[in-house]
Ligand code: GCU
């Protein structure tokens, strides 16, 4: 009987909480809200120059995002090691060098491994590159038969032949259309990618992945102000950067971190926390990424915390249906990347991610770039589709749905060739 009651209660909770939420897609119904001024400190003092931003404002904003939104990293690793497990000079029909590098992170006598797949233009040293996570394994981004199939947990996906949470040969190449490898290499850039599930499996379970390495004896989940999965993924990208700094074929001072959707949120947080990254690309990152939370348009803080309770730190739940209480908004996350180049991209049919909120966020981050004499988005008028603005802060909204397309990559490459050369 007890069990049946529990089950009914569970059904009720699941039903009622999802039934309550109807996303707002009407711009006239966006609530009036105050955009927190990035140039006014929490103590009310106004900043007038870049030095004050760096010394006073940036650290307090970073702290806020760390303690209240993404969560902080609880300590340091004991060891990070790298091993090139495979390489070739004639990959992709002779167009590229390929390396597969195993990174081992060790702490408290436990370790976690992940593999970076790197393609570099063949006859170049010191290559600038794009680094970004993929959703289903390195082997899904190319038909290259030498790319190692991940053994990490994955979400099942019938279209990609992934059952039992285990990727296989069947999913090789299934997401190649999201990675314009040839265009990237032809432009003289390299590409490095990692399967994000190797850092932290994307499920509400803190017993596995990177978090578990950092627990004290009786701990089972991070503390309320400690990292969720997004911060763990960001930490993984920083460890990939540790490797890139050792690779003589790569110019580590010219690495642009890229991410789509939840991985765009992770790319932004990486750029904010690790200033070694020369530039950041947020592709359709939406709520908890580039989009302003206080607009409550499409996905909201309450909704994202309900659907993905493991992405942020527990403190972030205070802002469920309570975005007004946030002392910050996501334009200040973007501002943490200043003065480094930043590209925010949206898609017209991706209203869930609030394209206008992503655009306005880039606009409201611009005064911080201006302190450094860098140009951003200076008009509040939302852009027309497929008409990018490419300054140090760049933005486009393209036609089509939530995705990464060749069009997106063509813009990123063009912009990077100007700002991250
Ligand atoms: C969901 C989620 C978004 C996220 C997206 C993705 O739609 O609500 O916040 O960006 O998944 O990662 O694909």
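Every number here is computed from the coordinates shown, using simple stated rules; none is lab data. Predicted model, so just to flag it, every value in this text is computed and none were measured. Every residue, glycine among them, receives a Cβ derived from its backbone with ideal geometry; neighbour counts consider all protein chains shown.
Built from the Cα atoms of the range 67-419, the convex hull projects on average onto 16.6 nm², one quarter of its surface area.
Where does each of 341-352, 213-224 land if you order them by average Cβ count within 10 Å, highest first?
Ranking, from highest mean packing down: 341-352, 213-224.
Residue exposure proxy: 334, 263, 112, 62, ordered by other Cβ atoms within 10 angstrom of their Cβ from fewest to most, comes out as 62, 112, 263, 334.
Per-residue Cβ neighbour counts within 10 Å put 372, 235 in the sequence 372, 235, beginning with the fewest.
In terms of other Cβ atoms within 10 Å, 206, 316, 82 run from fewest to most in the order 82, 206, 316. Taking 158, 408, 208 in turn, the Gaussian network model of the chain (Cα-Cα springs below 10 Å) assigns the largest fluctuation to 158. Given springs between every Cα pair under 10 Å in a Gaussian network model of the chain, which of 373, 259, 197 has the largest fluctuation? Of 373, 259, 197, the most mobile in the Gaussian network model is 373. Between the range 77-117 and the range 274-340, the C-alpha centres lie 30 angstrom from each other. Computed over the alpha-carbon atoms, the range 190-250 gives an Rg to Rh ratio of 1.06, Rh here being the Kirkwood radius from the mean inverse distance. Based on the alpha-carbon gyration tensor of the range 81-184 and its eigenvalue square roots a ≥ b ≥ c, which shape applies: rounded if a/c is under 1.5, prolate if not and a/b is larger than b/c, or oblate? In terms of gyration-tensor shape, oblate.
Is the C-alpha gyration tensor of the range 30-79 telling us rounded, prolate or oblate? Criteria: a/c under 1.5 is rounded; beyond that, a/b larger than b/c is prolate, otherwise oblate.
oblate
Under 1.5 on a/c is rounded, so check that first for the range 304-369, then, if it is not, pick prolate when a/b is larger than b/c and oblate when it is not; a ≥ b ≥ c are the square roots of the alpha carbon gyration tensor eigenvalues. Cα axes put the range 304-369 in the oblate bin.
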